[in-house]
Amino acid sequence: MLTHNQLNPTQNKKMRITKMAFIIFSLVILTIVGLTSIPKATSPIVQSEVVDLPTLASPTTEPLEFASNATLVTKSEENLKIPVLLYHEFCIDNPKNDLYTKTSVLEENISTLQENGYSFITFADLYAFYYENAPLPEKSVILTCDDGYLSNFNLAYPIFQKLNVKVAIFVVDSLVGKQNYFTWDEAKQMKDSGLVDIYSHGKNHIDYTKVTAETLKNSINFAQTNLEQHLGPSSIKVFAYPAGKYNSLTVETLKDLGFSIQVITDYGRPFDTTAADLTGINRIRCTNNTTGAKIIQDSLK
Ligand SMILES: [Zn+2]
């Protein structure tokens with residue numbers, strides 16, 4: 001093998017150029033390796049900045065309130081079957097009749113749905129899914145209570161808070177604050193928690209298919225105005241028909257009054273979002289014998 005000294009000047013020069021090229025090449029490689037390792041080293045800082053962002057964001061963080069493992073879909077991607085549960089009265093023990101659900105049963109129903117990945121959504125979420133292309137969890141459920149019984153506030157509301165579920169309660173204007181019904185102040189307390197929406201179940205608990213168009217309009221408007229005076233403006237108008245009694249005249253009249261969501265009665269199956277609009281939302285009635293497993297079974301119908 002030849003040494004440097006044995007090389008002629010041209011060979012020696014070539015050798016020096018090769019050596020120099022190798023050194024430059026090595027420097028370039030080291031620089032590239034160094035540069036690519038920088039983002040890796042700083043990436044945890046970038047991530048923690050992203051995590052901090054929600055504290056600065058406006059209150060458009062609705063999707064974060066769905067179950068953490070929820071698969072979100074928009075209406076253009078997939079139609080959903082959404083169980084809309086209907087409860088009335090609650091008790092700790094000894095249910096007097098079919099309207100009553102024991103608090104232990106309510107808790108079991110909610111927990112079982114949560115454990116099975118269901119998100120408790122609001123009617124506003126459903127409205128946004130229909131008309132604003134907003135996503136909903138594939139497993140969505142809506143919990144509703146009719147009539148505005150005091151036990152909704154005394155017994156069920158603490159459970160809604162404990163289990164962090166969104167609920168809609170439909171109140172009859174003439175019954176608010178009467179014996180066995182919660183007051184407007186109690187309604188406001190629940191609404192201000194952000195967990196409970198309060199909507200109208202009419203001025204009186206009557207069959208609105210049996211009144212004149214004028215009485216219908218006046219009664220529905222009166223109840224809605226009074227509700228908003230006590231609780232503040234509603235972003236969407238939702239109405240639940242007393243005893244589920246409705247017909248094409250009531251539906252059209254209420255639509256004209258701005259009630260884009262109209263809730264009817266028990267069909268024992270979930271609301272199917274292939275429906276053209278939200279003016280016929282059927283529900284699944286829950287009694288003291290209803291189990292979470294049964295609700296899930298009915299939700300797949
Ligand atoms: Zn009712």
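Residues checked against (1) over 30 Å from LYS81 (Cβ atoms); (2) aliphatic (A, V, I, L, M); (3) more than 16 Å from the ligand (Cβ to nearest atom):
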| residue | (1), (2), (3) |
| --- | --- |
| LYS203 | yes, no, no |
| THR225 | yes, no, yes |
| GLY232 | yes, no, yes |
| THR273 | no, no, yes |
| ILE281 | no, yes, no |
| CYS286 | no, no, no |
Problem - Selected residue (only one of PHE222, PHE271 is over 30 Å from ILE296 (Cα atoms) and aromatic (Phe, Trp, Tyr)) - result: PHE222
Handout entry: Test result for SER248, without any contact (Cβ under 8 Å) to a residue 24 or more places away in the chain and within 16 Å of the ligand (Cβ to nearest atom)
Key = no
Handout entry: Check on ILE236, over 21 Å from LEU155 (Cα atoms), away from the ligand (no atom under 13 Å from the Cβ) and in contact (Cβ under 8 Å) with a residue 60 or more places away in the chain
Key = yes
Practice task
Within the range 177-198, track down each residue that is of a type in the set (Val, Ile, Thr) and either touching a Phe, Trp or Tyr at 6+ places or on another chain (Cβ under 6 Å) or surrounded by fewer than 17 Cβ atoms within 10 Å (Cβ to Cβ) (or both).
Solution key: THR183
Completion exercise
If we keep only residues of the range 186-201 that are part of a loop (DSSP other than H, G, I, E, B) and among the small types (Gly, Ala, Ser), then the residue farthest from the ligand (Cβ to nearest atom) is GLY194
Exercise for the section: Go through the residues of the range 206-227 one by one and say whether even a single one is closer than 22 Å to ALA124 by Cα, under 25 Å from the mean Cα position of the chain (by Cα) and either surrounded by fewer than 17 Cβ atoms within 10 Å (Cβ to Cβ) or touching a residue at least 60 places away in the same chain (Cβ under 8 Å) (or both). Expected result: no
Exercise for the section: Determine whether GLY292 is in contact (Cβ under 8 Å) with a residue 40 or more places away in the chain, in the same structural domain as SER119 (by TED's automatic domain parsing) and within 21 Å of ILE169 (Cα to Cα). Expected result: yes
Fill in the blank from the handout: If we keep only residues of the range 115-156 that are among the acidic types (Asp, Glu) and within 13 Å of the chain's Cα centre (by Cα), then the residue nearest to THR265 (Cα to Cα) is ASP125
Problem - Search result, residues across the range 145-185 that are touching a Leu at 6+ places or on another chain (Cβ under 8 Å), in a helix (DSSP H, G or I) and within 18 Å of ASN226 (Cβ to Cβ) - result: ASP173, TRP184
Handout entry: Sole residue being more than 13 Å from the ligand (Cβ to nearest atom) and among the small types (Gly, Ala, Ser), chosen from SER140, SER174
Key = SER140
Problem - Complete set of residues in the range 276-289 that are surrounded by fewer than 21 Cβ atoms within 10 Å (Cβ to Cβ) and touching a strand residue (DSSP E or B) at 6+ places or on another chain (Cβ under 8 Å) - result: THR279, GLY280, ASN282, ARG285, THR287, ASN288
Practice task
Report yes if ALA243 is within 16 Å of the ligand (Cβ to nearest atom), surrounded by fewer than 17 Cβ atoms within 10 Å (Cβ to Cβ) and outside any loop (DSSP other than H, G, I, E, B), otherwise no.
Solution key: yes
Problem - Selection count where residues are away from the ligand (no atom under 16 Å from the Cβ) and either under 30 Å from LEU155 (Cα atoms) or part of a strand (DSSP E or B) (or both), scope the range 74-96 - result: 9
Practice task
Please work out which one of (1) assigned to a loop (DSSP other than H, G, I, E, B); (2) more than 16 Å from the ligand (Cβ to nearest atom); (3) modelled with pLDDT of 95 or more is the condition ASN221 fails and give its number.
Solution key: (1)
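The values are calculated or read from the model by the stated rules, or taken from the named source; none is laboratory data. No experiment lies behind these values; they were computed from the predicted model shown. Every residue, glycine as well, gets a Cβ built from its backbone with ideal geometry; the counts of neighbours run over all protein chains shown.
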